[in-house]
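Have a look at the structure below, then the notes.
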């Protein structure tokens, strides 16, 4: 006989409803989520989001061996959200994981009123906040021009190309002044996807080969450039800056809306609304295209064959074909007719081959790609494959037009002074005539 089972008396105390798992942070399962990641659509609480964002950048740095202990690295700082977040994260990771890296902020002053002068004030505050030294290199100092003057001279079409050439050389010269050979920039996944799309639309295979690399080094530049934020979404960078209350400048460049990149950005944003993973998909596709670029275009030597590779295992031989008298042969009613038609087509093609006349065309010799010989620009001393570097070629053209403009202004001033002198003489003559007329009238009276 089994003992009687005792039933517990129902508790009269009210129970607090526990939040379901769908209402909790997907990472810690403890707090309520306040952020939905743009990359994975996971709902996270703020501390978990900040930790995961920093951890992913740390994994990007360590998996690609971007830094070595004892390095002195310059951070390209513009005062915008990307470079500000980059500086904040690198300082945090350097302290947390003991990278042993010395960081310096390097800013370029393009000379754009209402944009760069305000953003440089933000960079100066960041230098104090992150306890990093700051060096500012200006276009006026290096080239004798500001971007405002360049745009006034050539217009808004093509100004981004000029600025890109100037900026690249300015970063190299700033790095040389600091004595560093590595510059990190704040390019994010959105920027990478836009660049991949632009190079695809232009059919620019060499640039497509370079733009997807997280670390780029060129024989024409002594400075390496890397992008630790390569896989970070722009929306998540904004969220990180917002929740960490970082001090950054949010105004866009006054001349950038006219650039081709603006069209690529609009297309990427449209794709992201439909498919959130589209940004990383485009970046991954660009990385896959790199393997398809021929070495003579990419400039990268083909990889040597691996002599220690595992031998290829051939598939087993097919089973012997069934005889014609096998009742299981030609199970499909139409297979025999299709094969007969195929054999007939082969015989007809073979007969037609004998009636063909072979015409040999002259062979076109392929142009051999000339190897570039690096030299120093004869004007500024910067590394170049030509006598003049790109910046000096642009400056020659700008200064030539400036000289013409100066002569024209002087001629206009001389002409204006001559006109003013004639006008004054005419006024004096008219005044004299009126005085003589008044005097003659008084004498008659």
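Just so it is clear, none of the values below were taken in a lab; they were calculated from the coordinates. These numbers were taken from a predicted model, which means no experiment stands behind them. So basically every Cβ, Gly included, is an ideal-geometry build from the backbone, and we count neighbours across all protein chains shown.
Odds and ends about this structure:
- Gained length - residue 202 relative to residue 376, 0.36 nm times residue gap less alpha-carbon distance: 59.6 nm
- Cα gyration tensor shape of region 45-295, rounded if a/c is under 1.5, else prolate or oblate by comparing a/b with b/c: rounded
- In terms of other Cβ atoms within 10 Å, 102, 230 run from fewest to most in the order 102, 230.
- D (Stokes-Einstein, µm²/s), Kirkwood Cα radius, region 86-136, 0.890 mPa s at 25 °C: 206 µm²/s
- Length added when fully stretched, residue 291-residue 266, from 0.36 nm per residue minus Cα-Cα: 6.2 nm
- Between region 129-207 and region 87-117, the Cα center-to-center distance that results, in Å: 15 Å
- Here region 39-79 yields Rg over Rh of 1.09, to two decimals, using C-alpha coordinates and the Kirkwood radius.
- If you sort the three axes of the alpha carbon gyration tensor as a ≥ b ≥ c, you get a/c of 1.5 or more for region 179-249 and a/b no higher than b/c, which makes it oblate.
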